[in-house]
Amino acid sequence: MGFGATEWIIIALVVLLLFGAKKIPELARGLGQGINEFRKASSEIRKEIEKGNEETEKAANEKNKDEAVK
């Protein structure tokens with residue numbers, strides 16, 4: 001369920017009335033910084049998971065090789 005143009009305009013007006021024109025750039029800047037931090041954190045978590053998967057695969061392959069030799 002998406003918002004139409006009328007709803008976005010109403011939301012923008014409410015935000016403008018609540019925070020004022022001077023605060024909106026600060027809020028947008030803070031929101032942008034928050035989004036960037038979230039992206040960095042999720043990227044780091046993804047890298048850690050991939051690294052863990054690679055280590056697990058290596059350990060499993062080594063174990064299989066050792067069992068095959070016996």
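Modelled label positions at Phe19 and Phe38, each set 7 Å beyond Cα in the direction of Cβ, lie 1.4 nm from each other. Which listed residue (Asn36, Ile9, Asn64) has the Cα farthest towards the positive end of the charge dipole for the chain, taking +1 on Lys and Arg C-beta and -1 on Asp and Glu C-beta about the Cα centre? Highest projection toward the positive end goes to Ile9. Among the chymotrypsin sites (Phe, Trp or Tyr not before Pro) in region 1-49, those placed in a DSSP loop whose Cβ has at most 14 other Cβ atoms within 10 Å are Phe3. Listed by chain and number, the lysines placed with their C-alpha closer than 28 angstrom to that of Lys47 are Lys58, Lys63, Lys65; residues fewer than eight positions away on the same chain are left out. If you fit an axis through the alpha-carbon atoms of helix 5-19 and take the longest principal axis of the Cα set of the chain, what angle between them do you get, 0 to 90°, nearest 10? Result, in degrees: 80.
Let me check I've understood the local charge: for Thr56, count other residues with C-beta under 13 angstrom from its C-beta, Lys and Arg +1, Asp and Glu -1. What total comes out? Write down the numbers at each step before the final one.
Details: positive: Lys51, Lys58, Lys63; negative: Glu48, Glu50, Glu54, Glu55, Glu57, Glu62.
So the environment of Thr56 carries a net charge of -3.
Readers should treat all values here as calculations from the given coordinates under stated rules, not as data from a laboratory. This structure is a prediction, so every number in the text was calculated from the model and none was measured. All Cβ positions, even for glycine, are placed from backbone atoms using ideal geometry, and neighbour counts span all protein chains on display.
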